[in-house]
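Please read the structure below before turning to the comments.
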C-alpha cells in the first residue's frame, strides 16, 4: 500500500517560507498571487494489506515524527 | 481562485530527506515503511477567474521559481 501524508502549518501560524515565495512571485511579475502557504507531502510504501490498520499506523507516525502538532496539521491518504 | 502546486523529486533522484525519515521511522518501531519520498505543496490565491489562463500562469511560476526542473517535477491544480 502507498501512504501519502500532507503536513501543513495550522491557520494563523506565520508561514515565513510562503511569505518569501509570495515576495519573489511579485518580483517576477506575478502580482496576483497572495496568501501563499507551503506544506510537505510525504509518500511511502507500507507493508500489510489492511487499510484501516495502515491509517492508524500512519497517524501514529504523524504524531510521533512527521508533524509538529503544536503548529502543524496533517491529513493521511491510504491507497 | 485557489491554486495548488505539488513539487516532487523526479524518479531516480536520491531523496536524502526521505531516507532520513525512513531511518527514523524504522528506529521508532515502524519497520514496514519503505521508499519514502518527500515533496512540497505550495497553495495560494490567484487573482482572475479564467482557470485556463490561471493554469498557464501557475506553470510559468513553476518553471521560473517554484520547481527546480532539472531534478524536480510538478503538478498544478486550479480550483
Exactly one of (1) within 8 Å of chain B (Cβ to nearest Cβ); (2) in contact (Cβ under 8 Å) with a residue 24 or more places away in the chain is unmet by residue A:9. Its number?
(1)
Considering only residues of the stretch A:57-79 that are in contact with a strand residue (DSSP E or B) (Cβ under 9 Å, 6 or more places away or on another chain) and part of a loop (DSSP other than H, G, I, E, B), which is farthest from residue B:33 (Cα to Cα)?
A:71
Is it the case that residue A:79 is modelled with pLDDT under 95 and either loosely packed, with under 15 Cβ neighbours inside 10 Å or in contact with a helix residue (DSSP H, G or I) (Cβ under 6 Å, 6 or more places away or on another chain) (or both)?
yes
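If we keep just the residues of the stretch A:23-56 that are assigned to a helix (DSSP H, G or I) and facing chain B (nearest Cβ under 7 Å), which is surrounded by the fewest Cβ atoms within 10 Å (Cβ to Cβ)?
Result: A:24.
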If residue A:63 satisfies every condition in (1) modelled with pLDDT under 95; (2) under 15 Å from residue A:76 (Cβ atoms) but one, which is the exception?
(1)
I'm told residue A:20 meets every condition in (1) surrounded by fewer than 19 Cβ atoms within 10 Å (Cβ to Cβ); (2) modelled with pLDDT of 95 or more; (3) within 30 Å of residue B:32 (Cβ to Cβ); (4) more than 7 Å from every other protein chain (Cβ to nearest Cβ) except one. Can you identify the failing condition by its number?
(3)
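The values are calculated or read from the model by the stated rules, or taken from the named source; none is laboratory data. Note that the structure is a prediction, hence the values are computed from the model and not measured. Here Cβ is always computed from backbone atoms with ideal geometry, including for glycine, and neighbour counts include all displayed protein chains.
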